[in-house]
1. Subtract the Cα-Cα distance of Lys106 and Lys277 from 0.36 nm times their separation in residues, and report this length gain in nm to one decimal.
2. Non-local amide H neighbours of Leu197 (under 5 Å, H modeled in plane, Pro and chain starts lacking H): which ones?
3. Just need the relative contact order of region 177-245 here, percent rounded to a whole number, with Cα pairs under 8 Å and 6+ apart.
4. I'd like the trypsin sites (Lys or Arg not before Pro) in region 251-283 restricted to DSSP loop residues with at most 16 other Cβ atoms within 10 Å, sorted by number.
5. What is the sum of charges, Lys and Arg at +1 and Asp and Glu at -1, for the other residues whose Cβ falls under 13 Å from the Cβ of Tyr145?
6. Students often get this wrong, so check it: of Lys3/Lys147; Lys220/Lys287; Lys120/Lys147; Lys37/Lys147; Lys37/Lys106; Lys223/Lys372, which have C-alpha atoms separated by over 24 Å?
7. Ordering Tyr353, Tyr24 by accessible area with a probe of 1.4 Å, largest first, what comes out?
8. Can you pull the accessible area of Glu100 for me, 1.4 Å probe, Å² to the nearest 10?
Amino acid sequence: MAKVVFNLTIEDSGDSHCRIVAEYNSTCREIEVEKLKPSFRQNLRPLQEAILQCAAARNANASATGGGDEARPALRDAAGGLTSGADERIVQEIGSQLFEFIFQRKILELYQECSHAARKDDQPFLIRLRVTDPTLAYVPWETMYDKKNRFYVTTSQSTPFTRAVDDYGEERRACAARPIRMLGMAARVKVLNGFPLDEIEVDAEQVAIKNALSELNDGKRLKLSWIPSAKARDLNRRFLRGDEGKRWDLFHFIGHGGHDPERQMGFIVVQEEGGSKGRRLYAESLKEFLTQPGQTPSLVVLNSCSGAQGEPGSLFSSTAAELIQGGVPAVIAMQFEISDNMGLAFADTFYTYLAENVSIQAALAHTRAELKARHFAEWISPVLYMRGLDGEIFVDRAGSE
């Protein structure tokens, strides 16, 4: 857990303005600024196009072989739209705008003071962003780029980043008892509402997760289990029973997902009853399954498209936000469509780092940095929502069972 914390809140102050509040070491600074213009959202369209055009998205070996540029990437999206597009320059341009939007005047001064103190003590400082202005809920804050110092805030181990919900005071220990119980669900669905879905490498991702956690998966530190089917009823019943009565600490979903603009709600795609076709399991139902009394997991990872995508004007329309509101302490989900290669690379990389006795925040920062270095423009997709500060899943603690 980071010892130095820099809290940011963006609040609606009316008349096309918002208030940005920064808190660090009992010091509070605030400014009022003009909101991002509506044209900013329009400018995000090329960003989505860019992330699926990178060679890594199209072909896992493209950077080594030089091939794959003509191939259409398999997507974990079930909502329609296909993308095509550009390069990292778009990410930097949007990231620079967002950094300069937040870090102005007194906010920038306090940020620099916090950064200096953290460097002096050779400690990272955690940046926690809480957005309570509904009109800014859609913004991809993970792209924030410090142009002066030439780095992305969310890929740096010096500035691990998380989105916060509610107030900053809530705290719950992530996982204290051993073994840590992890449950996975892999949805091998090929058809949804009569339309074919891209085939994804479910088996490969399961193997990647198993290998990444192999040193821990001894039944004493970690127990990794998978639901045999991908039916909604089986997910609900497995969470009700837990693992021999003990709650699941982590839940990982592999499959397709999307966001329904008509219902203003996200969903994952699960298997139909009595068949291999799929159906939508909306966020409100998924929340009810995962937040049963005494059975709520500490971390939910949705490795599917658009799990963190929300509607402008609605703070909690994404699947991730719905789960957080329901009481899940930490949720990782994707704010854009992702390629199947990205889904596989993300799972392998994230769990490899999480198993190295670091926090969720640090593991995700390492993951973003590595994916970026491997030329996945999709490194901007993972979003981490958290309550409190404790993201230490596998870190050994005195008194752990």
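1. Numbers: separation 171, 0.36 × 171 = 61.56 nm, distance 5.47 nm.
Using 0.36 nm per residue and subtracting the Cα-Cα distance, I get 56.1 nm.
2. Amide H to amide H, under 5 Å and 5 or more residues apart or across chains, Leu197 pairs with Val191, Leu192.
3. Details: 60 pairs, mean separation 32.3, N = 69.
Reported relative contact order: 47 percent.
4. Working: sites: Arg263, Lys277, Arg279, Arg280; in loops: Arg263, Lys277.
Answer by residue number: Arg263, Lys277.
5. Working: positive: Arg89, Lys147, Lys148, Arg150, Arg368, Lys372; negative: Glu88, Glu93, Glu100, Glu142, Asp146.
Result for the local shell: +1.
6. Values: Lys3/Lys147 26 Å; Lys220/Lys287 29 Å; Lys120/Lys147 22 Å; Lys37/Lys147 21 Å; Lys37/Lys106 22 Å; Lys223/Lys372 31 Å.
Cα-Cα > 24 Å for Lys3/Lys147; Lys220/Lys287; Lys223/Lys372; rest within.
7. Working: Tyr353 60, Tyr24 25 Å².
From most exposed to least exposed: Tyr353, Tyr24.
8. 100
The values are calculated or read from the model by the stated rules, or taken from the named source; none is laboratory data. Everything numeric in this text was worked out from a predicted model, so none of it was measured. We place every Cβ from the backbone using ideal geometry, glycine too, and count neighbours over all the protein chains shown. Heads up: the accessible areas ignore ligands, DNA and RNA and are worked out on the full protein's heavy atoms, side chains in. Shrake-Rupley method; radii C 1.70, N 1.55, O 1.52, S 1.80 Å.
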